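The values are calculated or read from the model by the stated rules, or taken from the named source; none is laboratory data. The structure presented is a predicted model; accordingly, all values stated were derived computationally and were not measured. Virtual Cβ from ideal backbone geometry, glycine too; neighbours counted across all protein chains shown. Each accessible area value is taken on the protein alone, full model and side chains, heavy atoms only, with ligands, DNA and RNA left out. Shrake-Rupley method; radii C 1.70, N 1.55, O 1.52, S 1.80 Å.
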Amino acid sequence: MTEAGSILIVDDEAVALRNLERVMSKAGYRVTAVQSSEEALTLLEKQEFNLLLTDLRMEKVDGMRLLKTCRELHPDSEVIMITGFASAQTAVDAMKQGAFYYITKPFRLDEVRKVVAEAMEKIRLRNENRSLKQQIEALQDQVKIVTQDDGMLSLLSLARQIAPTDCNVLVVGESGTGKELFARYLHQHSTRNSGPYVAVNCGAFSKDLLANELFGHEKDAFTGAHSQKKGLIETASGGSLFLDEVTEMSPEMQVKLLRVIQEKEVLRLGATQPVKVDIRVIAATNHDLAEAVRSGVLRQDLYFRLNVVTLAIPPLAQRKGDIPLLAQYFLQKYAVQMKKTLNNIAPDVLEILQRYDYPGNVRELENIIARGCAVSSGDRIELAHLSEDMRQQGGITLPGKGETMPTLEQQEKTYIRWVLNELGGNQTAAANALGINRSSLWRKLKGYQDAQ
Ligand SMILES: Nc1ncnc2c1ncn2[C@@H]1O[C@H](COP(=O)(O)OP(=O)(O)OP(=O)(O)O)[C@@H](O)[C@H]1O
Ligand SMILES: [Mg+2]
């Protein structure tokens, strides 16, 4: 305890009470002394004291009852019982009920002082342990975004800059690029980080279920609604609400969400009175949202509300410099998790990893490393620990030459992707530039996707 511990002293004998009060105050504790055990009971119901020092034999409410109440209401408090006579049985009973210690009357004041100091020390140690544990847990939960890519580093610094503001954020990027990781990062760096972080995958629920999950319901709102249920929006109040796959929301739901964001209140299904909520919305999608608005899948007004700031996470193929770093990071993570001595990745494996395009982005790289860790028994991930498909990314070595070259197919794939990228993803223009028709290009691209 950084501040003096608090003690409630209860004794219906005035002289004993005054003596204890005087000694404990002098020892520096914050003391409340009451002669009436009923008053003590009322106090305990309203307030927590670090320590209850009570006489056992009292009229109306006895010490045992105070002990029980205190243990129930304030499990972190300690209780010291003072017994009028040295009855072994009552002492045993008191200890069984969770008293820290018992003292028999007549007592010496320095004896009481010593026992009280011991109880306070126990409380202090327990609090200290708890706070250390919380600090360790917080450290373990720290979101770690591994990167050395300039674009990603500026994205991270933008995220840190906007995190403490309450503005809604839209995170876009292909599947597996780290959208959810960024959402958790934003929450952790926000002023709401001691509040809840609630993640909802809008694509994982049917329309009705999603409404029920997000908004909750009143008792009897529909058949089967036996009791009132708080929705996830209410649960997230004071913290952040992460809405994943936000384009999967029905038009009705979008109107309701818009209302939540604008009015800062939520109406449970079947309710007449809205409930105030204080949330920050982080939405994510791997679709093109401007396109979703154009085609009417997403309301424009909701899009504007969600998209106060956009964090666009680049695909892993556009930041290949991160591959060795991420590979090493995942290697360490899975080596610890799988209790293995792995600490290295063979150079030919790294080469394959760097050449590959990762349609599944960081998640796919993570899975490749996890697989490698699982099947390797040495301290390195070797070629043999990659899947057949991955090994085929390896390329060819000409007889007599040490250098590994890409296969014709790999070369074609890389070239097609480069042209497509240079032309802003426009397949018709890319097909023209490559001198093939659009459907052949489409077939080739589809083939690359299916092969992954
Ligand atoms: N930069 C990074 N550093 C460390 N781990 C990362 C990084 N990016 C992604 N990951 C890890 O990759 C996996 C996928 O990330 P995440 O779930 O955030 O992707 P996502 O974009 O939300 O994917 P989806 O669109 O499929 O939902 C997670 O295990 C995440 O921890
Ligand atoms: Mg996700």
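Out of Gly296, Gly360, I need the residue that is more than 26 Å from Ser190 (Cα to Cα), open to solvent by 20 Å² or more (accessible area, probe 1.4 Å) and not assigned by TED's automatic domain parsing to the domain that holds His217. Which one? Working first, answer last.
Details: Gly296 fails: not assigned by TED's automatic domain parsing to the domain that holds His217.
After applying the criteria, what remains is Gly360.
Within the stretch 160-187, restricting attention to residues that are more than 16 Å from ligand 2 (Cβ to nearest atom) and open to solvent by less than 50 Å² (accessible area, probe 1.4 Å), which residue is nearest to Leu241 (Cα to Cα)?
Per the stated criteria, the residue is Asn168.
Being within 16 Å of ligand 2 (Cβ to nearest atom), modelled with pLDDT of 90 or more and open to solvent by less than 60 Å² (accessible area, probe 1.4 Å): is that true of Val146 here? Please lay out each step first, then the result.
Numbers: within 16 Å of ligand 2 (Cβ to nearest atom): no; modelled with pLDDT of 90 or more: yes; open to solvent by less than 60 Å² (accessible area, probe 1.4 Å): yes.
No: the conditions fail for Val146.
Which of the residues that make up the stretch 118-150 are farther than 18 Å from Leu186 by Cα and not in a helix (DSSP H, G or I)?
Hits for the stretch 118-150 are Gln148, Asp149.
Residue by residue through the stretch 134-143, note down the ones that are open to solvent by 100 Å² or more (accessible area, probe 1.4 Å) and farther than 16 Å from Ser194 by Cβ.
The one that is open to solvent by 100 Å² or more (accessible area, probe 1.4 Å) and farther than 16 Å from Ser194 by Cβ: Gln140.
If I filter the stretch 220-266 down to residues being free of Cβ contacts under 8 Å to residues at least 12 places away in the same chain and outside any helix (DSSP H, G or I), which single residue comes out as nearest to ligand 1 (Cβ to nearest atom)?
Kept after step one, since they are free of Cβ contacts under 8 Å to residues at least 12 places away in the same chain, are these residues of the stretch 220-266: 223-224, 226-227, 259, 263.
Narrowing the set further to residues that are outside any helix (DSSP H, G or I) leaves 223-224, 226-227.
On the way: Thr223: 34, Gly224: 31, His226: 34, Ser227: 33 Å.
Across the stretch 220-266, the extreme among qualifying residues is Gly224.
Quick one: count up the residues across the stretch 1-52 that are open to solvent by 10 Å² or more (accessible area, probe 1.4 Å), among the small types (Gly, Ala, Ser) and in a loop (DSSP other than H, G, I, E, B).
4
If the requirement is being within 28 Å of the chain's Cα centre (by Cα), over 17 Å from Ser175 (Cα atoms) and among the hydrophobic types (A, V, I, L, M, F, W, C), which of these qualifies: Leu311, Leu316, Leu289, Leu306? Talk me through it step by step, then tell me what you get.
Values: Leu311 fails: over 17 Å from Ser175 (Cα atoms); Leu316 fails: over 17 Å from Ser175 (Cα atoms); Leu289 fails: over 17 Å from Ser175 (Cα atoms).
Of the residues listed, the single one that is within 28 Å of the chain's Cα centre (by Cα), over 17 Å from Ser175 (Cα atoms) and among the hydrophobic types (A, V, I, L, M, F, W, C) is Leu306.
Has the stretch 242-253 got at least one residue that is within 16 Å of ligand 2 (Cβ to nearest atom), on the phi > 0 side of the Ramachandran plot and either assigned by TED's automatic domain parsing to the domain that holds Asp166 or basic (Lys, Arg) (or both)?
So far as the stretch 242-253 goes, yes, one or more of its residues are within 16 Å of ligand 2 (Cβ to nearest atom), on the phi > 0 side of the Ramachandran plot and either assigned by TED's automatic domain parsing to the domain that holds Asp166 or basic (Lys, Arg) (or both).
Taking only the stretch 334-355 into account, find how many residues are open to solvent by less than 60 Å² (accessible area, probe 1.4 Å), closer than 10 Å to Cys373 by Cβ and in a loop (DSSP other than H, G, I, E, B).
1
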